[in-house]
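Inspection log for the structure reproduced underneath, given as structure tokens.
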Amino acid sequence: MSNPLHEIKIADIDLADQRYKISLSEYDISFLALSIKETGLISPPIVRPLENKVIIVSGFNRIRAYLVNNETKIPVYKTKPDIDEYQCLLTAITQLSFKRPLTHAELILSIKRLNKFLNEKQIRDKSPAIFNMELNLRFIEDLLNIGALPDPAPALIHNGNLSFKSAKKISLFEKDTIDVFLNIFSKIKASNNKQLEIILHIMEISAREGIKPKDLYSKKIIKDILFNENKDPWLKTRDLRTCLFEQRFPALSKTRKTVQKKITGLKLNKKIKFMPPENFESRDFNISFTAKTHDEFTANIRNLVDALENDSLKEIF
Amino acid sequence: MKIDTLFIDKAIPLNPEIEYLISRVKLKPRLIENTKLVYDFINDSGDPVSKAKKTLYVTKNKGAVVRQCPGTSFYTCCDYTILHTGTFCTMDCSYCILQAYFHPPVLQYFAGMEMLDQGLEKQFRQNKIFRIGTGEYTDSLIWEKLSLVPEFLVKKFAHQTNCLLELKTKTVNIESLLSLDHNGKTVLAWSLNTPEIISSQEKATASLTARLEAAGRAESKGYKLAFHFDPLVIYPGCEIHYKKVIKQIFDHIHPENIVWISLGTFRFMPKLKQIIEKRFKDSSICYGEFILGLDNKMRYFKPLRISLYKQIISCIKEYAPKLLVYFCMEDEEVWEKCMGFFPKRKGELGHLLDKSAVRHCSLNSSLL
Ligand code: SF4
């Protein structure tokens, strides 16, 4: 696009109009402001004249940096007044995607907006020119499904509370269930795998008990974890996972706890590891210890011999 | 499910066996040269499994007709012999392993009874007891409505003394077998479950009562019987329901005519879960307390299996103390805790079953 360069007053820019904002990164722009002071503006923002004002098509952060520098004017490229929405959107997306790869959240936002003008196949065909990479149809459909998730999904995806895979998974659920997961992921902080595990367990417990995930979410035991103001999101995640595991695998959890209690009852020193078989499918318990010296070795053996007299040991096997 | 498409391999001669099948299926066959056409026909469907249940492919068995059941190393297997007469099934159980076993699943009828004949003649000449079944990769008796094979097999086994034929089913398709001279060498076996599981997970199969009534009719014609509680599904109240099923068995059948009863809780290859979730949206069968077993199949947490087995075994023993009950694919701990012993040596379980086969079906006891 060959837009003419102008110098305009920053006051004439409608900063509140963010319809073309694609970048979701709200990073500290003090370095950018300093850089502009030092070397000048390398690439001026693009703006679109609209009624008495101009709105930003690309360069939101550069304009913010100018404001930080207490500038009142800024050089910009002005689009033609008769430019259409689609062209502006394309400019906004390509300006960013040819600068750096878009994040998932930015891709979702871009595709959702583009879908007002292009269908999925057209987006796929034009994707190298718009996104600087090829997007396949399935991925575009996933992005659109995720893009249809209600608030606060975009923010959760952007800040990492909701992974792309989790978002994709919950986008296929009914509305009430989607709300349940958005509420949960607003309150906890979990890795992708842990998010998927939480989704899986909630769906499976609900299916087995013949209840809706909403009903499970409403249980006091879950609410007590999620709404505990004294716990940080990581601890809430740990507690929620434990609670869900106990509900998903009640007998296994109970057995693990019982056996662990008995192992503790053996009063083995910390150097001795006594591991029950995984999920108790095999019968092989694993016992190992480390010893740096002959004395340590002897102490461990004595500790194990003492354990032979302990009733807990017989109960374990 | 009703078969609505019939493919026949062009190389198969249109002999009475095939003509009979065509007349029973009542469809105009599509003669094809390349199996790929059938695969594509099935795979192009949104639900290949359902499509395959309605698409019959008559072809030649390109592998061995008689095979040893594969078993696995961690769980005790029963040394069964499989007679390969066809694959897949027209019924639709949510838990059916065959959905995930074949790629794609194809309802195949292996034409050529002379091949079966030759394969069996070889078995009959061996100095060893064999328990042979057709119900490993298909339901044995869905074919009774379509082909002469079940009838042929019953007659074929009747006059030899080292092989037992087990026809395992969830149908009541026994009409053509009732009047045959089976000479006690064929065991008609029914897979049983609770009415709750049959109605929710075993689509298009016969009801429990119908199965037991069919078993009663077979017994009245001198057939020996077997029952398989496989898969046992754990759900609230299942113990009471399974005990009721056991009572019903003995309301219909005399214990001395039952050759064996097998027990096996639901287990599945992890990839089956996706298929069940996709095809049986209302099924919660995969959401029990499953853990990954040593054979990489999902199995119920062992104490749950043991608890259910114990109750079922003691219930069976109340009605029939001497009846042979065995586990399909269980380990030493389960055997010991539930049965009080473990057939540790290789072939030991097989031997126990052989003994019961010899006793019930008048096989040659000197081969034991
Ligand atoms: S009857 Fe047996 S073979 Fe047929 S669908 Fe059910 S489990 Fe599978």
Is it true that A:ILE140 is buried (at least 20 other Cβ atoms within 10 Å of the Cβ), touching a residue at least 12 places away in the same chain (Cβ under 8 Å) and either part of a loop (DSSP other than H, G, I, E, B) or out of contact with any helix residue (DSSP H, G or I) (no Cβ under 6 Å at 6 or more places or on another chain) (or both)?
no
Test A:SER58 against the criterion of being surrounded by 13 or more Cβ atoms within 10 Å (Cβ to Cβ), of a type in the set (S, T, N, Q) and in contact with an Asp or Glu (Cβ under 7 Å, 6 or more places away or on another chain), and give yes or no.
no
With the checklist (1) within 14 Å of chain A (Cβ to nearest Cβ); (2) more than 16 Å from the ligand (Cβ to nearest atom) in hand, flag the one item B:SER94 doesn't pass.
(2)
For segment B:142-152, state whether one or more residues are without any contact (Cβ under 8 Å) to a residue 60 or more places away in the chain, within 16 Å of the ligand (Cβ to nearest atom) and outside any helix (DSSP H, G or I).
no
Please work out if A:GLU278 is away from every other protein chain (no Cβ under 11 Å), acidic (Asp, Glu) and either out of contact with any Lys or Arg (no Cβ under 9 Å at 6 or more places or on another chain) or surrounded by 15 or more Cβ atoms within 10 Å (Cβ to Cβ) (or both).
no
Inside segment A:207-217, can you point out the residues that are assigned to a helix (DSSP H, G or I) and facing chain B (nearest Cβ under 9 Å)?
A:ALA207, A:ARG208, A:GLU209
The number of residues in segment B:18-61 that are among the charged types (D, E, K, R) and closer than 22 Å to B:PRO150 by Cβ is 6
Any residue at all in segment B:97-116 that's surrounded by 21 or more Cβ atoms within 10 Å (Cβ to Cβ), assigned to a strand (DSSP E or B) and touching a residue at least 60 places away in the same chain (Cβ under 8 Å)?
yes
Can you find a residue in segment B:188-197 that is within 16 Å of the ligand (Cβ to nearest atom), buried (at least 22 other Cβ atoms within 10 Å of the Cβ) and within 21 Å of B:GLY112 (Cβ to Cβ)?
no
In the set B:ASN173, B:ASN183, the lone residue that is more than 14 Å from every other protein chain (Cβ to nearest Cβ), modelled with pLDDT of 95 or more and either within 13 Å of the ligand (Cβ to nearest atom) or under 18 Å from B:LEU146 (Cα atoms) (or both) is B:ASN173
Enumerate the strands (runs of 3 or more DSSP E) found wholly within segment B:288-342, keeping only those where 3 or more residues are within 11 Å of chain A (Cβ to nearest Cβ).
B:290-292, B:298-300
Answer residue from segment B:264-274, given it is assigned to a helix (DSSP H, G or I) and surrounded by fewer than 19 Cβ atoms within 10 Å (Cβ to Cβ) and is farthest from the other protein chains (Cβ to nearest Cβ) among those:
B:LYS271
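The values are calculated or read from the model by the stated rules, or taken from the named source; none is laboratory data. Owing to the predicted nature of the structure, the values given are computational and were not obtained by experimental measurement. Here the Cβ is made from the backbone with ideal geometry for all residues, glycine too, and neighbour counts use every protein chain on show.
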